[in-house]
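Have a look at the structure below, then the notes.
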Amino acid sequence: MKTEVYSWRLSPRLKTELEEAARAEKKSVSELLEQIAQDWLKRFRTPDESEEEKQRRLHEAAVKFVGSIEGDNPGRAENASALVREKLARRYGR
């Protein structure tokens, strides 16, 4: 039994395409969207995957981006105010 409602804004073009696809499939737009969502979820989740396996997979995906922003001063954020004051003093001779 369906009890949940979800709505979002979409372009008129996409709405028209969804309506045309639903008519071609002899379904309502709601039925078509549910089928699309279920198919997408089946492709992107593994039902047998444990939480530990899921976390490992997510970690592997995220690790590609870790350290992608590098700098030579690891304490820069903590010392930002002092660094800005120092730079301004050098620039304006204060």
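Brief remarks on what is shown
- Per-region count, region 16-45, residues touching a helix residue (DSSP H, G or I) at 6+ places or on another chain (Cβ under 8 Å) and not basic (Lys, Arg): 10
- Subset of region 1-50 (residues that are among the aliphatic types (A, V, I, L, M) and in a helix (DSSP H, G or I)): Leu14, Leu18, Ala21, Ala22, Ala24, Val29, Leu32, Leu33, Ile36, Ala37, Leu41
Let's see how each residue does on (1) of a type in the set (A, V, I, L, M); (2) under 23 Å from the mean Cα position of the chain (by Cα); (3) surrounded by 10 or more Cβ atoms within 10 Å (Cβ to Cβ):
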position: Arg23; (1), (2), (3): no, no, yes
position: Leu33; (1), (2), (3): yes, yes, yes
position: Trp40; (1), (2), (3): no, yes, yes
position: Arg43; (1), (2), (3): no, yes, no
position: Ala61; (1), (2), (3): yes, yes, no
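- Glu19 being surrounded by 10 or more Cβ atoms within 10 Å (Cβ to Cβ) and either within 30 Å of Met1 (Cβ to Cβ) or out of contact with any Pro (no Cβ under 6 Å at 6 or more places or on another chain) (or both): yes
- Test for Ala61: is it within 30 Å of Val5 (Cβ to Cβ), free of Cβ contacts under 8 Å to residues at least 40 places away in the same chain and either of a type in the set (A, V, I, L, M, F, W, C) or touching a Phe, Trp or Tyr at 6+ places or on another chain (Cβ under 6 Å) (or both): no
Readers should treat all values here as calculations from the given coordinates under stated rules, not as data from a laboratory. As the structure is a computational prediction, the values presented were derived from the model and not from experiment. Counting neighbours? That spans all protein chains shown, and the Cβs are built from the backbone with ideal geometry, glycine included.
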